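What follows draws every value from the coordinates through simple rules; no lab data is involved. As the structure is a prediction and not an experimental result, all values here were calculated from the model. Heads up, the Cβs are rebuilt from the backbone with ideal geometry, glycines too, and the neighbour counts pull from every protein chain shown.
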Amino acid sequence: MAASFASNKCNSGNVAKSQTPRSIRTCLPTLDFEVDTKYCARKMLITLGGNLNECPLNLLPRLQHLRARVTKEADGGLDLFNGKIALSVNPTVRRHQYAQMTQAFKTLARCPDFQKWINETRASVGLLKDEWTKHAPLYAQTFSSITKLDLSGMNYKVKVLHPALPAGASVNEGDIIEWRYVGEHFPEYLRFNVHTSYFMHFNATFLLHEVLHHKNLLGVSHNHAIIQLATDNEMRKRLAHLDYPPFEGHKCDIPVMAKIYDEWQDFLKGKNGTTILDFAKRVERTMTSAPPGKL
Ligand SMILES: [Zn+2]
């Protein structure tokens, strides 16, 4: 999108959409990849309000420049962005806080370097969409054979963030997924983005991880262990030929993954439930009735 962001109000929701063609009939949900400047600005302000030392070193001067400008002009608004308020601009935010946040958004929108940031984000959307579309039949076959789900009627908005920002979340309101491009096809100066845990089809694996997170799927207490077995581990194994165990995923979930591993393998062979949703219910029942340490 060539229009200058500086000419738009930051909180007007300047959205560039990039939709997966409907002609691809698969069990996959439709993902609408988009750069939402308002959403990007909120996340940027959270980043600027946090510890910049955790950001890639080569982008540090750009982020410091943005922080100095917003801090100077937004009358303390940046202090509000400590990871909590920025993502919930709603009536619970007091009037003066809202005014400060609005000022911070406007200041950011006027900054040419933020426009550059948005343009880089837009460039990454094309890479994400191309990868998702090109390999859709492979992803559909893999996802379907693991989960036995047909999500072809479902639709999610993927709010794409700059490749330098940490991302990976599902937001239930509005069926939103937050993601950023991770891969090899990006300008050299952004190659920091290819981190050590990168593997082939990384984006699809974690986009489908976030799809499974949505409120109408796997709404049980052990859901994250099951999501990670299905995507971080089994999809990774099939798409990138990387076996497990050892398990991939959050450390806190690994004991549950180890406990249900045998049952999970049986599920993949056609037992323990028709779909992954049945399997999740089965795990829930077994975990709540089993003595501690047993399954
Ligand atoms: Zn997760």
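Of note:
- By the count of other C-beta atoms within 10 Å, a proxy for reagent exposure, Lys159, Lys271 are ordered fewest to most as Lys271, Lys159.
- Dipole in debye (nearest 20) - region 193-280, about Cα centre, beta carbon charges: Lys, Arg +1; Asp, Glu -1: 80 debye
- Selection among Ile146, Ala204, Met257 by position relative to the dipole of region 109-263 gives Ala204 as farthest towards the positive end (Cβ unit charges, Cα centre).
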